Amino acid sequence: MDDFSHTKDLYFATIEFYKTYVVCKMNEGIVLDIPKALALHEQSRSFYNGLKYGFIFDRTIDYTIDPIVYIQCPYYADINAMFIVAEKNATKQIVQFEQNFSKYKLTVFNTLEEAQKEIKKVKFGEKSPLTEEPLG
């Protein structure tokens, strides 16, 4: 992809940074809890420097998201779209359940390529309301 910037490896995930969005690939078997979610968003916030960005979660590898993350993550205002890549029907059903907790519509795609094509249509460049008051 021509808008790819770089990759950041964390102990629980790999984040691929693109011009207007990130692709997050979690390590198999981990549980995405609040501290890990905050770490992901802090990396993204730093890269996008106060602008809203899209988030693609690659769920083709099995891992668990603690539903509390959807409720308590303070960085939702930084995100302008949240897409999920899921191949397995079981994973799609889990995402459908997680939708009950999410402040954003979780749009599911079968392939990463489909998700990337659609996320490029999302408006980018708007300032996040969180840029004025740092979270701590």
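Summary table below
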item: Most positive-pole-ward Cα, MET26, GLN96, VAL122, against dipole of the chain from beta carbon charges; result: VAL122
item: Interchain or long-range residues, amide H under 5 Å from TYR18's placed H; result: SER5, VAL23
item: Share, in percent, of DSSP beta bridges within the chain that are antiparallel, nearest 5; result: 40
item: Descending semi-axes in whole angstrom, ellipsoid equivalent of the range 4-115, from the Cα gyration tensor; result: 19, 16, 14
item: Unit charges on C-beta of K, R, D, E only; dipole of the range 4-115, Debye; result: 320
item: Relative contact order (percent, whole number), the chain, Cα cutoff 8 Å, 6+ residue spacing; result: 23
item: Highest-first arrangement of 51-63, 6-18, where packing means the average Cβ count within 10 Å; result: 51-63, 6-18
item: Gained length - ASN49 relative to ASP66, 0.36 nm times residue gap less alpha-carbon distance; result: 3.4 nm
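Each value in this text was obtained by applying a stated rule to the coordinates, not by laboratory testing. Quantities reported herein were computed from a predicted structural model and do not represent experimental measurements. Positions of Cβ are backbone-derived with ideal geometry, glycine not excepted, and every protein chain shown enters the neighbour counts.
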